[in-house]
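Participant: Here it is, the structure, as structure tokens.
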Amino acid sequence: MIDSKHQTFWRRYWAGVIDIVFLMILLFLCELILFRMFWSQNPTISALIFSLTIWSLFPVVYSILLTGFFGQTIGKYLSGVKVLSISESKLGVFRAFLRDCPWLFFEIARVLTCLLFLNDSSEIKEKLLKLKFMYAVGIFWYMLEIVTMLTNSKRRAVHDFIAGSVVVKTKGVISEFQ
């Protein structure tokens with residue numbers, strides 16, 4: 001039997017959508033400012049690498065810090081969910097880091113793969129095959145997360161098991177309209 005406070009699938013989904021939209025707007029504005037300030041005259045490969053790194057790692061750092069300090073990102077706050085330790089106390093930054101370690105690993109691997117592509121002399125087909133493999137692994141992980149979350153009573157995903165965390169319902173701005 002699933003306790004109602006753990007029935008968070010759709011709230012978590014919408015929290016992710018809100019966070020993605022928020023982060024895309026924020027990163028796009030930062031990119032615009034940085035581009036106008038530094039790169040508009042002569043964009044370089046280092047500017048591309050810097051941009052790729054920021055776009056890949058900032059969302060993970062955002063998630064770790066906000067979840068660690070407040071138990072919620074902006075999306076989680078608005079949709080009415082909070083991440084707690086399994087004992088339902090404050091999660092803390094270390095457990096938030098553990099919770100997002102798989103995501104951090106995938107993002108670092110993606111940045112390194114893109115950097116290797118710059119120096120890779122292989123054919124474009126081989127490069128695309130490597131990139132497709134990376135995305136396939138990411139999709140497999142995402143599906144594993146969903147299956148895990150839907151098959152246990154506290155709706156914990158793999159990353160929740162890694163960190164010893166659980167997501168519970170709270171009052172949220174959007175959740176009040178449901």
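The values are calculated or read from the model by the stated rules, or taken from the named source; none is laboratory data. Owing to the predicted nature of the structure, the values given are computational and were not obtained by experimental measurement. Quick reminder, even Gly has a Cβ in these numbers, built from the backbone with ideal geometry, and neighbours come from all protein chains shown.
Participant: Is at least one residue of region 134-142 modelled with pLDDT under 90, aliphatic (A, V, I, L, M) and not in a helix (DSSP H, G or I)?
Facilitator: no
Participant: Collect the residues in region 63-88 that are of a type in the set (S, T, N, Q) and surrounded by 19 or more Cβ atoms within 10 Å (Cβ to Cβ), keeping them in residue-number order.
Facilitator: Ser63, Thr67, Gln72, Thr73, Ser79
Participant: Here's something else I'd like to know. If a residue has to be touching a residue at least 60 places away in the same chain (Cβ under 8 Å) and farther than 16 Å from Arg95 by Cβ to count, how many in region 133-165 make the cut?
Facilitator: Within region 133-165, residues that are touching a residue at least 60 places away in the same chain (Cβ under 8 Å) and farther than 16 Å from Arg95 by Cβ number 4.
Participant: Could you list all residues from region 89-134 that are closer than 14 Å to Val166 by Cβ and surrounded by fewer than 11 Cβ atoms within 10 Å (Cβ to Cβ)?
Facilitator: Once the filter is applied, which keeps residues that are closer than 14 Å to Val166 by Cβ and surrounded by fewer than 11 Cβ atoms within 10 Å (Cβ to Cβ), region 89-134 yields only Ser89.
Participant: Just checking, does region 61-69 include any residue being at pLDDT 95 or above, part of a helix (DSSP H, G or I) and over 16 Å from the mean Cα position of the chain (by Cα)?
Facilitator: Scanning region 61-69 turns up at least one residue that is at pLDDT 95 or above, part of a helix (DSSP H, G or I) and over 16 Å from the mean Cα position of the chain (by Cα).
Participant: Determine which member of the set Leu26, Leu48 is at pLDDT below 80 and more than 25 Å from Met143 (Cα to Cα).
Facilitator: Exactly one residue qualifies, and that residue is Leu48.
Participant: Restrict the check to region 10-29 and report whether at least one residue is surrounded by fewer than 17 Cβ atoms within 10 Å (Cβ to Cβ), in a helix (DSSP H, G or I) and of a type in the set (Ser, Thr, Tyr).
Facilitator: yes
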